[in-house]
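Q: Here it is: the structure, laid out below.
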Amino acid sequence: MDPGSTVSAVRSQRVLCGEEIRPAVIIIKEGKIHSILPDTEASAHTAGKVMDVGNSLIMPGIVDCHVHVNEPGRTFWEGYWTATQAAAAGGGTTIVDMPLNSIPPTKTLRNFHEKLRAATGQCFVDTAFWGGVIPGNKVLYIQHKLQNTFQLQPFHAEREVQHAAAEKGDPHEYSTFLSSRPNIMEIEAIRTVTQICLQYQVRCHIVHLSSAQPLELIRAARKAGAPLTVETTHHYLNLCPENIPARAT
Ligand SMILES: [Zn+2]
């Protein structure tokens, strides 16, 4: 909250406290949460204005570190003006923009400044930016720039492999798309990541894992001392490809 705000407490019937949601009053001092009290005890501690938000949920802001805003260059897909309002509407207070969807991609300092200019004055939540690494320079970059630092290198783990091209299938069927990205592409990429991670001891993070098969590789690498983490996304866990109708992805 703005330190200049005159609000000294916020009351809601639904405050997220640890694992449970209950009525509470949040006491604010100097712009920071001082304490969270049951309604009955709060009156003694609230000198100033109390903001009552009724039934609206109060919870910590969500930090989404994997957001594809496509501005500049593909703002018609999604730009900062809409993406950050959508984040705020869903309880997000910080987004971190992925580097490769915009034109130009955030791969150089110059492009980063272009990105900053595009985002300026358009953001409704805190916004940070990932930098992209040019394919081919990745290992060199890791060796020279990241080794012995605490920086994190995320990987979109997908590698071209020789496989029976599925481009002949019906392009309207989701299964045709799926068979164009077989598990082996992710497995082979992750095999490389685990080797790099172990060899250089650089913090590596695999983004949106889509197959369960590489989990064994990841577990083994972690056990061997690789500073490696992995994330997946909710649609990989909750949607079944068999249920996706043709032309309806
Ligand atoms: Zn992504």
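Q: Of all beta bridges DSSP finds with both residues in the chain, what is the antiparallel percent, to the nearest 5?
A: On the way: 12 of 33 bridges.
The answer is about 35 percent antiparallel.
Q: Pop out the ³J(HN,Hα) list for region 194-211 in order, Karplus 6.51 cos²θ - 1.76 cosθ + 1.60 with θ = phi - 60°, rounded to Hz; leave Gly and Pro as x.
A: 5, 5, 4, 4, 5, 5, 9, 6, 9, 5, 10, 9, 8, 8, 5, 4, 10, 10
Q: Another question, then. From the phi angles alone, apply the Karplus equation (6.51, -1.76, 1.60; θ = phi - 60°) to region 127-133 and give each ³J(HN,Hα) in whole Hz, x where the residue is Gly or Pro.
A: 10, 10, 9, 7, x, x, 10
Q: Separate question: Excluding residues on the same chain fewer than 8 positions from LYS32, give the aspartates and glutamates whose Cα lies under 17 Å from its Cα.
A: Counting by Cα, and skipping residues close in sequence, LYS32 has these aspartates and glutamates nearby: ASP2.
Q: Return VAL125, VAL202 ranked ascending by Cβ neighbour count within 10 Å, so the fewest neighbours appear first.
A: On the way: VAL125 19, VAL202 23.
So the residues, fewest neighbours to most, are VAL125, VAL202.
Q: Using the Cα centre of the chain as origin and beta-carbon charges of +1 (Lys, Arg) and -1 (Asp, Glu), tell me which of LEU217, SER179, HIS235 is placed farthest towards the positive end of the dipole.
A: With unit charges placed on the Cβ atoms, the residue in question is LEU217.
Q: Name the most mobile residue of ASP64, ASP126, ASP52, meaning the one with the largest mean-square fluctuation, in a Gaussian network model of the chain with Cα contacts below 10 Å.
A: So, out of ASP64, ASP126, ASP52, the one fluctuating most is ASP52.
No value in this document is a laboratory result; all are computed from the given coordinates. Quick caveat, the model's predicted, so the values are computed rather than measured. Neighbour counts run over all protein chains shown; Cβ positions are idealised from the backbone, glycine included.
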